[in-house]
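Here's the structure, in structure tokens; my notes come after.
The values are calculated or read from the model by the stated rules, or taken from the named source; none is laboratory data. This structure is a prediction, so every number in the text was calculated from the model and none was measured. Because the Cβ atoms are built from the backbone with ideal geometry, glycine has one as well, and the counts that use them run over all protein chains shown. Surface areas here come from the heavy atoms of the whole protein model, side chains and all, with no ligands, DNA or RNA. Shrake-Rupley method; radii C 1.70, N 1.55, O 1.52, S 1.80 Å.
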Amino acid sequence: MAHYRAVGRLPRQRHTQLRDDDGHLFREELMGEEGFSSDSSLLYRRGVPSAITDSTVWELADQSRTPNHPLKPRHLTLHDLETGTCPVEGRRLVLGNNDVRIGYVLTGTDPSPVYRNAIGDECVYVESGTGTVETVFGTVSYRAGDYVLVPRATDHRWVPAEPSRLYAIEANSHIHPPKRYLSRFGQLLEHAPYCERDLHGPEGLDELVASCRDLTDVEVLVKHRTSAGIVGTRMTYATHPFDVVGWDGCLYPYTFNIEDYMPITGKVHQPPPVHQVFEGWNFVICNFLPRKVDYHDLAIPVPYYHSNVDSDEVMFYVGGDYEARKGSGINIGSISLHPGGHAHGPQPSAIEASLGAEFFDESAVMVDTFAPLDLGEGGRAVEDPAYAWTWAGRGPGVGDDGGPAVFSNS
Ligand SMILES: [Fe+2]
């Protein structure tokens, strides 16, 4: 996030003394990406950020992955997935590869433990629910339709105000706006579908720090990598990590709501990259949102068949009218996985049905990956095995009485 902010108490110049009224010297900490060579923030803390009193194993939920083999399109029904209620520990792995993992959880209302993802940034899409995320930078509020961007290594905890459906995109890299939408100095350009005003950073730092001031021996769950893969460690900190009295820089959590995204439309069907909102290493995040569609006299509003030569495509259907997909099984809460190596698109009947349409009322979040996605144990648990045959209308376990229309707009 190349967008400077300054919050709370700071010394006039960096790397100089900052003391409280009693003369106590605050500890300065740099959080910086890419080895002092990219975005960073300077934090001023009451405690010592490296002071731990214990470190034990945190057993992660099942992270096993099963390759998509034999190759076929997949349909996963996330609303059928039973998860834990903790916003962090309750996540079940739905899909993943070595660049990004998608987890899903329906939370309760208890706060999560303090948590730090040391592997990469998290982009958590809020399908439903409200609450806050408390972080070392302050508190961000969340609501349905938000992407909550949490930079790698940020101590934070989720505090749902109500049960919340969270679709957690966990990267092995940083997640940021598409490079083509940024000026060479990092400002969002005029042709970008959103701008800095739409990004909401943390607030309420003083209140959060005051509420944690006297807490000691605080457990922090750390997700990290080893040569054995993804693991967890439970670290105990001598003082509470939410002890930052001021910070400044370009690295901090923020939210962006899909309502504030301005869809780019065209005279004929526009390809998915116009719907892109973020990107990470080897994957992109797009959103298909309610919008006017193509205005050419002979336009075909639904997509042409496309073969994703270099990528797997994951659609998560989060809102809108899916009557046109009736029979395919796709509905709110569904995920479709259309893998590279196999073409996909609508059935001919869906194409005819779309002619003359002026508006699409649909909301979907898409993740496209350049490396193949495996099925996580959560994904395997809620797979609809008939989906792959819905274009042909027949296949293993499906009768020969005609297949349902698949009205995929991705
Ligand atoms: Fe597609």
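In table form, for the structure just shown:
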item: Directionally averaged shadow of the chain, computed from the convex hull of its alpha-carbon atoms, nm²; result: 20.9
item: Additional length obtainable on full extension of the chain from Ala392 to Val309, 0.36 nm per residue less Cα span; result: 27.7 nm
item: Estimated distance in nm for a label pair at Glu219 and His24, the labels positioned 7 Å out from Cα along Cα-to-Cβ; result: 2.6
item: Heavy atoms of Val94 accessible to a 1.4 Å probe, total area in Å² rounded to 10; result: 0
item: Residue-averaged [θ]222 nm for the chain, counting only DSSP H segments that reach four residues, each worth -39500 (n - 2.57); result: -1000 deg cm²/dmol
item: Computed magnitude of the charge dipole of the chain (debye, nearest 20; Cβ of K, R +1, Cβ of D, E -1); result: 700
item: Cβ-Cβ FRET estimate between Thr16 and Leu355, R0 fixed at 56 Å, reported to 0.05; result: 0.25
item: Stokes-Einstein D in µm²/s, Kirkwood radius over Cα pairs - the stretch 221-378 at 10 °C with 1.306 mPa s viscosity; result: 84
item: Probe 1.4 Å - accessible area at Cys195, Å² to nearest ten; result: 50
item: For the stretch 49-113, size of Cβ-based charge dipole, Lys and Arg +1, Asp and Glu -1, in debye; result: 420
item: Solvent-accessible area, 1.4 Å probe, carbon plus sulfur percent, for the chain; result: 51
item: Positive-end residue of Gly138, Ser112, Tyr252, charge dipole of the chain with Cβ unit charges; result: Tyr252
item: Listed residues Gly47, Trp281, Cys86: farthest to the positive end of the dipole of the chain (Cβ charges); result: Trp281
item: Calculated Rg and Dmax of the stretch 192-263 using C-alpha coordinates, Å; result: 17.3, 48
item: Only Lys, Arg (+1) and Asp, Glu (-1) charged, at Cβ; the stretch 261-391 dipole about Cα centre in debye; result: 180
item: Signed unit charges on C-beta, dipole axis of the chain, positive-most listed residue Pro73, Val309, Thr56; result: Val309
item: Under 19 Å from the Cα of Lys72 - aspartates and glutamates, other chains or at least 8 residues apart; result: Asp310, Asp312, Glu313, Asp368, Asp374, Glu377, Glu383, Asp384
item: Cβ-derived FRET efficiency at R0 22 Å, Arg291 paired with Arg184, nearest 0.05; result: 0.15
item: Within straight-line cross-link reach of Lys267, aspartates and glutamates at Cα separation under 15 Å, skipping those fewer than 8 residues along the same chain; result: Asp294, Asp297, Glu358
item: Quarter of the Cα convex hull surface for the stretch 29-156, i.e. its orientation-mean projected area (nm²); result: 10.4
item: The stretch 261-391, accessible area per residue, ligands and nucleic acids excluded (1.4 Å, Å²); result: 42
